[in-house]
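Chemist: My questions all concern the structure below.
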Amino acid sequence: MTAGSRWLDKPVVVRAPASSANLGPGFDSLGLALSLHDVVVARVTGGGLDVEVSGEGSETADEGEGHLVVRAMRAAFDLLGGQPPGISLRSLNAIPHGRGLGSSAAAIVTGVLAARGLARDGAHLLPDPAVLRLAAALEGHPDNVAACLEGGLTIAWTTGEDTGPDAPARANPHLVRLSVLDEIKPVVCVAPEVLSTATARGALPQTVPHRDAAANAARSALLVAALTRVPGVLFDATQDYLHQSYRAEVMPGTTDLLGRLRAAGVAAVVSGAGPSVLAFTVAGLHPGPDLVDSIAAETGIGWRISPLDIDRQGATLQTALPGDRSRDSAR
């Protein structure tokens, strides 16, 4: 096989959903895919690197090789047997950056899947379990990338060595995907400011009381039942004892909105590491999306309220530009 024949001679298009991790008590394990998407068009060129980004995070186009999608593509190409002569990348982003909605997971997933799609034998050389492992290692934890890859509600966990600074590279991630009830309607309150995951994680204690850990385990199990079978227990199921209260000082606006929503009976949680808030509503029942909007307005903060659907498909890859009838799904 010649070097040129290793790569497709047409672009690939990857579409990846936003995701909300933790969902309250499901710290570093639960993830939910949401109907907000980043789209990447990538192709192999004769040389160099050309990156264009529009929408959210458009300023990241200047990062070149440091761009997260590019870094993910390079890491995947290494596993696929080597780098192509050049890359052209076009990103159209709808997922806000630094708001706890899985923008980094979407960037990593689009990069890994784009690289796999551009290699002629990519699905064989980098099968789905390897995609999850690489994406989780690049992200540092599997909850967001699991939901982004598979859609719906995911439970992610790791086996093998999972302690120490290089644990993500040694851990072996797994996931289970579950279907969420159709009547559950998430509403995202997108924060006007950003918060780094490192800052949010830095606020967490090294240990927590045993009673809090036990209570959190119970609520996490209940939340899976609430989202898949018994929506009437969503409010109790979203009570967290493990991380949200410890992060209150680094996101006071989020803490205020979360308290107001829960005082009104809304099943609300911090989305991922924050500072956005995710509220669960149930179609036809009170409280609904309008109450979330009105409570957010009372805070005096410019929350962007977005009723969303649950993305039930996960990331997709196509081997042609949109509108080309010859395209076929690669995932």
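Chemist: If you rank V69, V131 by fewest surrounding Cβ atoms within 10 Å, what's the result? Numbers along the way, then the final one.
Modeler: Values: V69 29, V131 23.
With the sparsest Cβ surroundings first, the list reads V131, V69.
Chemist: In addition: Grab the DSSP H runs of the chain that are 4 residues or longer, score each as -39,500 (n - 2.57), total them, divide by all residues and round the 222 nm result to the nearest 500 deg cm²/dmol. Mind showing how you got there, number by number?
Modeler: Values: 11 runs with 108 residues, N = 331.
The helix contribution divided over the chain gives -9500 deg cm²/dmol.
Chemist: Let me ask another. Defining a contact as two alpha carbons under 8 Å apart and six or more residues distant in sequence, what relative contact order in percent does the stretch 184-307 show?
Modeler: Details: 180 pairs, mean separation 51.0, N = 124.
After rounding, I find 41 percent.
Chemist: Against the empirical 2.2 N^0.38 Å scaling, what ratio does the C-alpha Rg of the chain come to?
Modeler: On the way: Rg = 20.0 Å, N = 331, 2.2 N^0.38 = 20.0 Å.
Relative to the 2.2 N^0.38 Å estimate, the chain comes out at 1.00.
Chemist: If the viscosity is 0.890 mPa s and the temperature 25 °C, what translational diffusion coefficient in µm²/s does Stokes-Einstein give for the stretch 71-206 when Rh comes from Kirkwood over Cα pairs?
Modeler: Numbers: Rh = 16.5 Å.
This corresponds to a translational diffusion coefficient of 149 µm²/s.
Chemist: Can you tell me the relative contact order of the chain? Whole percent, Cα pairs under 8 Å, sequence separation 6 or more. Intermediate results must be reported in sequence, preceding the final value.
Modeler: Details: 757 pairs, mean separation 79.3, N = 331.
24 percent.
Chemist: Grab every C-alpha pair in the stretch 184-307, bin the distances at 5 angstrom width from 0 up to the longest one, and report whole percents.
Modeler: That works out to 2, 11, 21, 22, 20, 14, 7, 1, 0, in percent per bin.
Chemist: Right, next: Please state, as a whole number in µm²/s, the translational diffusion coefficient that the Stokes-Einstein equation yields for the stretch 1-142 at 4 °C and 1.567 mPa s, with Rh defined as the Kirkwood radius across alpha carbon pairs.
Modeler: Details: Rh = 15.3 Å.
The diffusion coefficient I find is 85 µm²/s.
Chemist: Got the relative contact order for the stretch 256-308 handy, in percent, Cα pairs under 8 Å and 6 or more residues apart?
Modeler: After rounding, I find 29 percent.
Chemist: I'd like the Karplus ³J(HN,Hα) series for the stretch 133-142: coefficients 6.51, -1.76, 1.60, θ = phi - 60°, whole numbers in Hz, and an x wherever there's a Gly or Pro.
Modeler: Here the 3J(HN,Hα) series is 5, 5, 4, 5, 5, 5, 7, x, 6, x Hz.
Chemist: Same structure, new question: Fewest Cβ neighbours within 10 Å first, please rank S19, S220, S54, S88 accordingly.
Modeler: S54, S88, S220, S19
Chemist: Taking the chain as a Gaussian network, Cα atoms linked when under 10 Å apart, which of A136, A225, A146 shows the biggest mean-square fluctuation?
Modeler: A225
Chemist: Let me ask something else about it. I need the calculated FRET efficiency for the pair A248 and V194, taking r as the beta carbon distance and R₀ as 25 Å, to the nearest 0.05. Let's see the in-between values first.
Modeler: Values: r = 18 Å, r/R0 = 0.70.
In this case the efficiency is close to 0.90.
Chemist: When K185, K10 are ordered from fewest to most other Cβ atoms inside 10 Å of their Cβ, what list results?
Modeler: Numbers: K185 19, K10 14.
So the residues, fewest neighbours to most, are K10, K185.
Chemist: Moving on. Choose one answer from G48, G151, G117: the residue with the largest mean-square fluctuation in a GNM of the chain with alpha-carbon springs under 10 Å.
Modeler: G48
Any read-out appearing in this document is the output of simple, stated calculations on the displayed coordinates, not a laboratory observation. On a predicted model such as this, the values are computed, not experimentally measured, just so you know. Using ideal geometry, Cβ is built from the backbone for each residue, glycine included, and neighbour counts are taken over all protein chains shown.
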